[in-house]
1. When the range 142-164 is examined, which residues are found to be of a type in the set (D, E, K, R) and either closer than 16 Å to residue 96 by Cβ or more than 19 Å from the chain's Cα centre (by Cα) (or both)?
2. Please specify each residue of the range 140-194 satisfying the condition of being on the phi > 0 side of the Ramachandran plot, in contact (Cβ under 8 Å) with a residue 24 or more places away in the chain and surrounded by fewer than 16 Cβ atoms within 10 Å (Cβ to Cβ).
3. Among (1) surrounded by 14 or more Cβ atoms within 10 Å (Cβ to Cβ); (2) among the small types (Gly, Ala, Ser); (3) farther than 23 Å from residue 40 by Cβ, which single condition is residue 136 missing?
4. Just one of 63, 104, 90 is free of Cβ contacts under 8 Å to residues at least 24 places away in the same chain and either part of a strand (DSSP E or B) or touching a strand residue (DSSP E or B) at 6+ places or on another chain (Cβ under 8 Å) (or both); which is it?
5. Which of the following residues is part of a helix (DSSP H, G or I) and of a type outside the set (D, E, K, R): 155, 125?
6. For the range 160-191, what are the residues that are modelled with pLDDT of 85 or more and touching a Lys or Arg at 6+ places or on another chain (Cβ under 7 Å)?
7. Tell me the residue from 76, 35, 68 that is under 27 Å from residue 146 (Cα atoms) and acidic (Asp, Glu), please.
8. Could you check the range 138-152 and list, in sequence order, the residues that are in a loop (DSSP other than H, G, I, E, B), at pLDDT 90 or above and within 20 Å of residue 184 (Cα to Cα)?
Amino acid sequence: MIARCAGSAVVLALAAQASAQWWWPPTGGLSVQPECRDPSSTITLGIGGLWPDNCVPNGVSVSRSGLEVDIVTVREPPPGGCLTVISNWSLSPMVTGLPAGTYSVFVTHQVSGQTIHPRTQVGTFQVVASCGGCYANCDGSMTPPVLNVMDFVCFLNRFAAGESYANCDGSTTPPALNISDFVCFLNAFAAGCS
């Protein structure tokens, strides 16, 4: 705060940088799923929190350079006006094919290609060489019970996305993803993880 006296008037000037605003970096922090991540994993990076108005970030892109993952949140189209009301927001970009290593995650916020909130580190996560050989543990969780309903949800999502992971029976005859993969997954789930 800078105070200046001009005759009998006192003029107060507040200097605040965008990076010091209470809503940036994202107040909800960073969440990373699945718990166990290896180079074959599809990794979801959840960011979000509270925003000072209803013009919350509504788009996201993600890129990687070395061991740094950059998330750019955007507000498109630019709002004509925003209501001053604290709003919840969240975005969940995904990355795949990351080699083993410890990654730093950074976020930047842009509107119409202009950086509004500068690049800020929000966390780190690790990718290991292998999460082990339990196929039925689709979400890579390590908290007991390791096999649970989230593994079914994970399998269904990967099947719907057409990922090669969902080809449980390893078939090559089109369609490679079929009912046999569901039966295979159910059998793997029933066999459990040891």
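1. Of the range 142-164, the ones of a type in the set (D, E, K, R) are 151, 158, 163.
Across the range 142-164, the qualifying residues are 158, 163.
2. Narrowing the range 140-194 to residues on the phi > 0 side of the Ramachandran plot: 140, 162, 170, 192.
If we keep only those that are in contact (Cβ under 8 Å) with a residue 24 or more places away in the chain as well, we get 140, 192.
Within the range 140-194, 192 is the sole residue that qualifies.
3. (3)
4. Numbers: 104 fails: free of Cβ contacts under 8 Å to residues at least 24 places away in the same chain; 90 fails: free of Cβ contacts under 8 Å to residues at least 24 places away in the same chain.
Result of the check over 63, 104, 90: 63.
5. Just one listed residue meets the conditions, 155.
6. 166
7. Among 76, 35, 68, only 35 is under 27 Å from residue 146 (Cα atoms) and acidic (Asp, Glu).
8. Here is the first cut: in the range 138-152, the residues in a loop (DSSP other than H, G, I, E, B) are 138-148.
With the extra rule that they be at pLDDT 90 or above, the set shrinks to 145, 147-148.
Those that are in a loop (DSSP other than H, G, I, E, B), at pLDDT 90 or above and within 20 Å of residue 184 (Cα to Cα): 147, 148.
The values are calculated or read from the model by the stated rules, or taken from the named source; none is laboratory data. Given the structure is predicted, the values throughout are model-derived calculations rather than measurements. For neighbour counting, all protein chains shown are included, and Cβ atoms are generated from backbone atoms with ideal geometry for every residue, glycine included.
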